[in-house]
Amino acid sequence: MYRVTVQNPCRCFLKDGLPEEQTFSDKEAAKAEAEALLAHMKKNFCKKHAFSMVPFGSEFKLVISES
């Protein structure tokens, strides 16, 4: 199993109603979802935070931090 998780969800993330964790049986599907979420956050959120993706074993962590 592969997971996409979001660390430190900001108010924009919570307001958008996106899931903080998703599970996939395929690594490529998990990576594609992580990349799609990352692109969505970078394009649509308030620009007060920085967004990055960190592959970690069978997990793709999306990290939200202060910019």
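The values are calculated or read from the model by the stated rules, or taken from the named source; none is laboratory data. If you're wondering where the values come from, they're calculated on a predicted model, not measured in any experiment. Reconstructed Cβ throughout: ideal geometry from the backbone, glycine too, with neighbour counts over all protein chains shown. Surface accessibility is based on the protein's heavy atoms, side chains included, excluding ligands, DNA and RNA. Shrake-Rupley method; radii C 1.70, N 1.55, O 1.52, S 1.80 Å.
Okay, residues lined up against (1) in contact with a Phe, Trp or Tyr (Cβ under 6 Å, 6 or more places away or on another chain); (2) modelled with pLDDT of 95 or more; (3) open to solvent by less than 60 Å² (accessible area, probe 1.4 Å):
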position	(1), (2), (3)
Lys15	no, no, no
Leu18	no, no, yes
Thr23	no, yes, no
Ala30	yes, yes, yes
Ala34	yes, yes, yes
Gly57	no, no, no
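Looking across segment 3-30 at every residue that is among the charged types (D, E, K, R) and in contact with a strand residue (DSSP E or B) (Cβ under 6 Å, 6 or more places away or on another chain), the one that is farthest from Ser67 (Cα to Cα) is identified as Lys27. Of the set (1) in contact with a strand residue (DSSP E or B) (Cβ under 9 Å, 6 or more places away or on another chain); (2) in a helix (DSSP H, G or I); (3) modelled with pLDDT of 95 or more, all apply to His40 but (1). Within segment 27-50, residues that are closer than 20 Å to Met1 by Cα reach partners that are open to solvent by 60 Å² or more (accessible area, probe 1.4 Å) and not in a helix (DSSP H, G or I) with beta carbons closer than 7 Å, at six or more positions or on different chains, in the pairs Lys27/Tyr2; Ala30/Tyr2; Ala30/Arg3.
Of all residues assigned to segment 45-52, at least one qualifies as being in contact with a Lys or Arg (Cβ under 9 Å, 6 or more places away or on another chain), in a strand (DSSP E or B) and not small (Gly, Ala, Ser).
For Cys46, the conditions (1) surrounded by 11 or more Cβ atoms within 10 Å (Cβ to Cβ); (2) of a type outside the set (Asp, Glu); (3) more than 8 Å from the chain's Cα centre (by Cα) all hold with the exception of (1).
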